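Only the coordinates and a few stated rules stand behind these numbers; no lab work does. This is a predicted model, so every value here is computed, not measured. All Cβ positions, glycine included, derive from the backbone under ideal geometry; neighbour counts span all protein chains shown.
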Amino acid sequence: MPLPFECEPFYMRPLLMINSITGGFFTLLIYLVIPVAVAIAIIFAIGLLFFAVLAVVFGRGPSSDEIKAKREKEKRERDQKENQGRPDADLFTAPLPAAATSSSGTYDQEKRLEIELELLGEMIVARRDRLAGLRMTHSGEVLEKLEQDS
């Protein structure tokens with residue numbers, strides 16, 4: 001059994017081996033891998049189109065009400081993200097509820113004020129904890145500036 005490239009000159013054998021390997025690789029790629037990938041892509045596209053047609057026929061497509069609800073939900077989420085950065089003063093300057101103007105309004109207003117005081121107390125405790133954490137990590141001017149602001 002003859003060796004591959006036995007009849008070729010010695011200096012040409014590595015080049016011919018590389019040529020043979022790359023030629024085989026590209027032949028395999030052109031005749032096997034690319035057609036299989038294209039066939040899978042075509043089958044996937046046809047299947048997607050088929051299911052989209054079925055969804056429209058059986059009424060599972062997105063209706064305008066669903067689209068509006070989705071947009072409103074996204075808008076509410078954006079508003080919540082924007083409101084997270086608001087200062088605390090904006091949150092407590094909201095108008096009183098309508099129940100506060102009725103005969104039992106003083107009771108409702110007292111309850112609201114009690115809840116606000118509890119929330120303010122919790123905020124103070126949280127800010128003191130945060131300041132204590134900053135004292136442990138920072139020093140110097142940054143700490144003095146924070147103490148003056150609080």
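For the pair ILE115 and LEU131, how long in nm is the line joining their label points, each one 7 Å along Cα→Cβ?
2.8 nm
Between TYR107 and ILE67, what is 0.36 nm times their sequence separation minus the Cα-Cα distance? Round to one decimal in nm.
On the way: separation 40, 0.36 × 40 = 14.40 nm, distance 4.28 nm.
The TYR107-ILE67 span can extend by a further 10.1 nm.
Taking R0 as 41 Å, what FRET efficiency do you get between LEU29 and ALA52 from their Cβ-Cβ distance, rounded to the nearest 0.05? Each step should come with its number before you reach the end.
On the way: r = 32 Å, r/R0 = 0.79.
In this case the efficiency is close to 0.80.
In nanometres, what is the gap between the two model label sites at GLU82 and SER20, each 7 Å from Cα along Cα-to-Cβ?
Label-label distance for GLU82 and SER20, simple model: 7.1 nm.
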